[in-house]
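As structure tokens, the structure follows; a few thoughts come after it.
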Amino acid sequence: MKLEGIRNLRRTHLSIQITPKLSEKEVVVMGRVGDVRDLGGIKFFILSDISGAIQITAPKAKTDKKLLMKIDELTRESSVAVKGKVVVTKQAPRGVEILPSEIRILNPASTPLPLDPQGRVKANLDTRLDARGLDLRRPESLAIFKIRHHALQAIRDYLVKHDFIEVQTPKIVATATESGAALFPVSYFEREAFLSQSPQLYKEVLTGCFERVFEVGPIFRAEEHDTPRHLNEATSIDIEVAYVTADDVMDILEGLIVRAFAEVKKKCEKELEVLGHKPEVPRKPFPRLTYDDALNKLEQAGVKIPWGEDLPTPAEKKLGGLVKGAYFVVDWPSAIKPFYIHPKKDDPKLSEAFDLMFEELELASGGTRIHEGELLVQRLKQKGLNPDNFELHIKNMVAVPPHAGWGLGLDRLTMALTGTENVRECVLFPRDRKRLTP
Ligand code: ATP
Ligand code: MG
């Protein structure tokens, strides 16, 4: 099939803008070919674009032969441009259709397609991710990524209104921030470097310069997870704030989560309907359970976790069923939180760390950070890390103010907003233990 150029042809309307008001007007629409049908007297096909769909109808008696032949050649998902006249009719889905005078095949799709983007033939997630370019054309995929977009937009707005500066920190780094085992090495000239696990140390330094910073960027975790909520590359929304403690940044997080849910409900009604999901906007203040409260609740429900251990997935599931919605778990044992988390002044075996949970899903972790140089070195040693590897960072932390912050997983937040059960649905091109392409 011949590929035709777009040349001087430009779209005059999106499909959604084709309404009976435009009756008899000439328009140009561009989009993807859906079903092509031949019903005796007429041939027609559905053209969809980012806004929706419009029917292109060619009555055989009134349409040029060559044009009719071209419609026969059309394959689903091909890119086309259609010039034609708007006609009001009861037969078409939206009471209006286009009678084509010209059809240009901008890029034909070869058949058979590896996937049916209309979703009539169900494909498993792996097949869908292999053909993600087609999979993302499904209305459900578009809905998820529009919701993700609006949530992120709301979050950026919220942080900017609260005087945060958006920053970008290096993703090629020399040392770990979380733990040595979970790093992807990269070759960096004559040295070994790593992909950044988190902007943690940089954003802490920046509190001494810009006071309130946030970053939206990739984090890389080399853990061999095989779960519906872990990827090896994720997107993290990170904030760090000078002259505050954990409680203050929990308030910010609470406000921001409420805003994200509310904005998505307001701006993405159509998308939520496509997904059949009705999220409830969490109510402030979110419940704040201590780690001890969580263990007690779990024990009462028959799940015993020894004090000092992290909550394993089955315990998180149980707790999510007991507490519901969004809630914080605070006062974690210092031993299971990273070295940069501040121990509690009155009880150093506990820390000023918190997790934000949404049902069984951890959405964010944060806390008050250590700003005292000596304590930082001591904590590094306690965690079995070599302070020499952090020398330049410690040097850059000179007299940083007391500060606190958090990291919120955008992919997981999108799961919560869209009601999806696998984080891979919420990431365009996910990276996991087995998947490095497309
Ligand atoms: P988990 O306990 O669920 O493995 P974590 O405690 O290791 O997560 P943090 O280091 O606290 O993760 O990162 C902050 C946030 O970033 C997490 O709450 C989560 O939303 C997100 N995140 C972290 N690791 C991943 C990952 N591998 N895949 C997707 N999101 C992640
Ligand atoms: Mg965490």
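Take every DSSP beta bridge whose two residues both sit in the range 162-242; close to 90 percent of them are antiparallel. Qualifying chymotrypsin sites (Phe, Trp or Tyr not before Pro) in the range 304-333, where qualification requires a DSSP coil assignment and no more than 13 other C-beta atoms within 10 Å, comprise 307.
In whole Å, what is the distance between the alpha-carbon centres of the range 249-286 and the range 387-434? After rounding, the separation between the Cα centres reads 20 Å. Under 5 Å between amide hydrogens, built in the peptide plane, is the criterion, and for residue 324 it picks out nothing among residues at least 5 positions away or on other chains. Each Lys and Arg adds +1 at its Cβ and each Asp and Glu adds -1 at its Cβ; summed about the Cα centre, the chain shows a dipole of about 2620 debye.
The reciprocal of the average 1/r between distinct C-alpha atoms defines the Kirkwood hydrodynamic radius, which for the chain equals 24.9 Å. Taking a ≥ b ≥ c as the square roots of the Cα gyration tensor eigenvalues, the range 1-91 comes out rounded, since a/c falls below 1.5. Multiplying the residue separation of residue 243 and residue 24 by 0.36 nm and removing their Cα-Cα distance gives an extension gain of 72.3 nm. In sequence order, the range 51-58 has phi-based couplings of 8, x, 9, 9, 8, 10, 10, 10 Hz under the Karplus curve 6.51 cos²θ - 1.76 cosθ + 1.60, θ = phi - 60°, and Gly or Pro positions carry x. Sorted into 5 angstrom bins from 0, the C-alpha pair distances of the range 294-403 split as 2, 11, 19, 19, 16, 12, 9, 7, 3, 0 percent. With helices as the sole contributors, the chain gives -9000 deg cm²/dmol at 222 nm; each DSSP H run of n ≥ 4 counts as -39500 (n - 2.57), and the sum is divided by every residue. Distance between the 7 Å Cα→Cβ label points at residue 69 and residue 399: 8.3 nm.
Between the alpha-carbon centers of the range 344-370 and the range 133-192, tell me the distance in whole angstrom. One Cα centre to the other: 22 Å. Each residue of the range 31-45 is assigned a 3J(HN,Hα), and the resulting list reads x, 9, 7, x, 5, 10, 10, 10, 10, x, x, 9, 10, 8, 9 Hz, derived from the Karplus form 6.51 cos²θ - 1.76 cosθ + 1.60 (θ = phi - 60°), x at Gly and Pro. Each residue of the range 192-209 is assigned a 3J(HN,Hα), and the resulting list reads 9, 10, 9, 7, 5, 7, 5, x, 2, 5, 5, 5, 5, 4, 5, 5, x, 10 Hz, derived from the Karplus form 6.51 cos²θ - 1.76 cosθ + 1.60 (θ = phi - 60°), x at Gly and Pro.
For residue 43, nonlocal amide neighbours, meaning residues 5 or more places apart or on other chains whose placed amide H falls under 5 Å from its own, are 58, 60. Taking a ≥ b ≥ c as the square roots of the Cα gyration tensor eigenvalues, the range 47-102 comes out oblate, since a/c reaches at least 1.5 and a/b does not exceed b/c.
Under 5 Å between amide hydrogens, built in the peptide plane, is the criterion, and for residue 344 it picks out 350, 351, 352 among residues at least 5 positions away or on other chains. Largest mean-square fluctuation among 308, 405, 367, in a Gaussian network model of the chain whose springs join Cα atoms under 10 Å apart, belongs to 308.
Read-outs: derived from the displayed coordinates by stated rules, not from any lab. None of the values given here were measured: they were computed from a predicted structure. Every residue, glycine as well, gets a Cβ built from its backbone with ideal geometry; the counts of neighbours run over all protein chains shown.
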